[in-house]
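The block underneath contains the structure these notes are about, expressed in structure tokens.
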Amino acid sequence: MNELIVAKTAGYCFGVTRAVRTACEAAKAHGTVYSLGELIHNSEAVEELRSKGVIPVNSPEEAQGCIVIRSHGVPRAACERIEKLGLECVDATCPYVARIHAIVDENSRESDVLVVGDRNHPEVIGITGFANGEVRVVSSTEEIEALANSDKIFGAKSLIVVAQTTFDMCKWTDLQKNIKKHYTNTKIFDTICRATYDRQHEAEELSKQCDAVIIVGGAHSSNTRKLADICAKHCTALFAENAEQLVSRHKDVIKRLLSSSNDVKIGITAGASTPAYIIKEVHRTMSEIIKDEAVDAEFMAALDQMERVRVYTGQRVKATVVAVNKTEAVVDIGTKHSGYIPAEELTADPSVSPEDAVKVGDVIDCVVTKINDAEGFVYLSKKQVDAQAGMEKIVKAKEENSTVEGTVTAVVKGGVIVTSKDGARVFVPASQSGVPRNGKLEDILKKEVGFKVIEVNEGRGRVVGSIKAAEREANDAVKAKFWEELEVGKKFVGEVKSMESYGVFVDLGGVDGMVHLTELTWNRVKHPKEVVNIGDKLEVTVKSYDPEKKRVSLTAKKPEDNPWTKFMNEFAVGDVIKVQVVSITPFGAFAQIIPGVDGLIHISQIALERVTNVAQVLSVGQIVEAKITEIDEEKSRVSLSIKALLEGGSDDADDDADEAPAEE
Ligand code: SF4
């Protein structure tokens, strides 16, 4: 039985679909737009586009208003000309071609550029137009040999090599070997489009199992001609632009084939710019010729499947990101059609760019928001799926009273909007924002925050949250941990938060501890401000604590700085030293021996004669010579005597001297 087999990859590629869609949308908006060159290499499709307001022109000067750059791209100079002419430019350059432009632009200052492709093809002309230095085009081994022999300077330093996206994959592999043979310092970029490779590979396989393959496409289409070349290696290749041309050109060949056997297999493939309706028409015609209605029905179903948008609005689909630009992400949703996610549908956070939201190769969940049956593309939203998933997590978070992480994405009337990491939008009233009454909500814009869900209305998709509640819980947790881990002797470095005449309060990380005046320094001070300021960082050690009363007593005194230790190392009983009177009491005078250690000159040890009023003999600030008469290490007390140094004097103290207190 005769058989017709249609290649799965036949017809519009992603880049062409995208260009057609972009041009049609621009035409809808402007009435008429001008494409720089025919948008696709198919005369019927070009006429169809013309009827929709997409008019091909050969140069920017012929255009008015809005000009569309087709998927092949154009040289940089053409873009500059368009700009100079003041035309609005809609760039539909295929992202795969734009990638080659970027490679050439970035590398061509340091390296010469070799483009493998057809030098007359618009895509190649566009690519060479992005070189900032030397650039050559080759398409065969002979041309490489000739170049290497004739131009010794080209590529001598370093060379980068790119290929036209639709170049023959087998030839490309061979040419790479040849290029490496002649140019040692070479970097080769694999720029052949996967769609092209798949199409060529399938055409080759098809041609191996068929008696003939019909290649449908425009005569000017390079990728279609390459398909014909590939098929011709294994079977009869029948090139035609449409059904009519197929019959007029190849009817005799087909009839001859059909008369030779009852089991003729004929394949159909098509170039990247062949619309599905033309492929369909070719198949219908072929079906009539071979009179095989069964196959026809099967193919029509297959083609219908290719043409049909196999998705519906609201459907959730898995999408693979194939390109990202500033305004949208282009995705493959596993059908024949191109999917587009506008920037505003990628993420709920307006500050995140499409390039930051997704990367090429990401597989993401989306929902179909709009279908264009005529052009075969769909619009999708990732944001909506994220929000839905986010809402499910929000509901769970409310049930579990757990904290949700998010970013403050907007300041609105009465509060802020926080977008959860899963994409749910949550309103946080100003009173729950954690911003003080006199503060500004803008201060937390773009900040990452945790929040508690305090109200959910799933029906209306409304969620109210509280940053304050989450902060409170976090603080409580910090405090609980603090008390759990607290122990005497534990050291902290904390900030002095407030000051009183009796001491200072230090923030130990959510809990304040108190350093009494006498624990601030070993030296005698009258007020904390003599040693610290509010805001200072202070190294402190826990002296004691009371978890019930939530009190922590601290000391800032370090044992190694203890002046008593210094005193004991340097002084002994009997030493005669100069001391300064620091205070007068009814029972004697205290005099500083070294900072932090004072000794008592008892009233009975001041002079030979009896002293009744210390202040009549000594005054604060006075420097006197005295003898160390006693050291009580246990009580850290020192007794001094002036009398012992006077002629006839002794350091025998009066009875009441034993009871006199001393100071450290
Ligand atoms: S063949 Fe590939 S590179 Fe060319 S337009 Fe189509 S998708 Fe883009």
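The values are calculated or read from the model by the stated rules, or taken from the named source; none is laboratory data. Quick caveat: nothing in here was measured; it's all calculated off a predicted structure. Here the Cβ positions follow ideal geometry from the backbone for every residue, glycine too, while neighbour counts run over all protein chains shown.
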Review point. If you take the residues of the range 2-17 that are touching a Phe, Trp or Tyr at 6+ places or on another chain (Cβ under 8 Å) and not polar (S, T, N, Q), which of them is farthest from S287 (Cα to Cα)?
Key: G15
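This table checks each residue for (1) of a type outside the set (A, V, I, L, M, F, W, C); (2) at pLDDT 85 or above; (3) touching a Lys or Arg at 6+ places or on another chain (Cβ under 6 Å).
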site	(1), (2), (3)
D229	yes, yes, no
V247	no, yes, no
D252	yes, no, no
V282	no, yes, no
E288	yes, no, no
Y312	yes, no, no
Check your understanding: Hey, which of the strands (runs of 3 or more DSSP E) in the range 164-260, taking only ones fully inside, have at least 3 residues that are surrounded by 14 or more Cβ atoms within 10 Å (Cβ to Cβ)?
Key -> 212-216, 236-240
Practice item. Name, by its number, the condition in (1) within 16 Å of the ligand (Cβ to nearest atom); (2) under 24 Å from T285 (Cα atoms); (3) modelled with pLDDT of 85 or more that does not hold for H201. Key: (2)
**Study point:** Whichever residue in the range 131-151 is β-branched (V, I, T) and in contact (Cβ under 8 Å) with a residue 24 or more places away in the chain and, among such residues, is farthest from F167 (Cα to Cα)
**Key:** V135
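Looking at S420, S381, which one is hydroxyl-bearing (S, T, Y) and in contact with a Lys or Arg (Cβ under 8 Å, 6 or more places away or on another chain)? Even if it seems obvious, please write down each step before you answer.
Numbers: S381 fails: in contact with a Lys or Arg (Cβ under 8 Å, 6 or more places away or on another chain).
Only one candidate qualifies: S420.
Can you confirm whether G73 is assigned to a loop (DSSP other than H, G, I, E, B) and over 36 Å from the mean Cα position of the chain (by Cα)?
Numbers: assigned to a loop (DSSP other than H, G, I, E, B): yes; over 36 Å from the mean Cα position of the chain (by Cα): no.
No.
When you scan the range 1-60 for strands (runs of 3 or more DSSP E) that lie fully inside it, which ones turn up with 2 or more residues that are in contact (Cβ under 8 Å) with a residue 24 or more places away in the chain and within 16 Å of the ligand (Cβ to nearest atom)? If you could, list the steps in order and put the result at the bottom.
Values: elements: 3-6, 33-36, 54-57.
By residue number, 33-36.
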**Study point:** Scope the range 261-279; condition in a loop (DSSP other than H, G, I, E, B), in contact with a helix residue (DSSP H, G or I) (Cβ under 6 Å, 6 or more places away or on another chain) and β-branched (V, I, T); matching residues
**Key:** V264
Check your understanding: In the range 269-284, which residues are closer than 20 Å to S71 by Cα and touching a strand residue (DSSP E or B) at 6+ places or on another chain (Cβ under 9 Å)?
Key -> A270, G271, T274, A276
Practice item. Take the range 61-94 and flag every residue that is surrounded by fewer than 19 Cβ atoms within 10 Å (Cβ to Cβ) and within 16 Å of the ligand (Cβ to nearest atom). Key: D91
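Residues are listed down the side, and each one gets a yes or a no for (1) surrounded by fewer than 13 Cβ atoms within 10 Å (Cβ to Cβ); (2) touching a residue at least 40 places away in the same chain (Cβ under 8 Å); (3) on the phi > 0 side of the Ramachandran plot:
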residue: S544; (1), (2), (3): yes, yes, no
residue: L554; (1), (2), (3): no, yes, no
residue: E560; (1), (2), (3): yes, no, no
residue: F567; (1), (2), (3): no, yes, no
residue: V573; (1), (2), (3): yes, yes, no
residue: K578; (1), (2), (3): yes, yes, no
residue: P586; (1), (2), (3): yes, no, no
residue: I593; (1), (2), (3): no, yes, no
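State all residues of the range 329-344 that are under 17 Å from the mean Cα position of the chain (by Cα) and surrounded by 20 or more Cβ atoms within 10 Å (Cβ to Cβ); if no residue qualifies, say none. Break it down into steps so the answer makes sense when it comes.
Step one: list which residues in the range 329-344 are under 17 Å from the mean Cα position of the chain (by Cα), which gives 329, 343-344.
Result: A329, single match.
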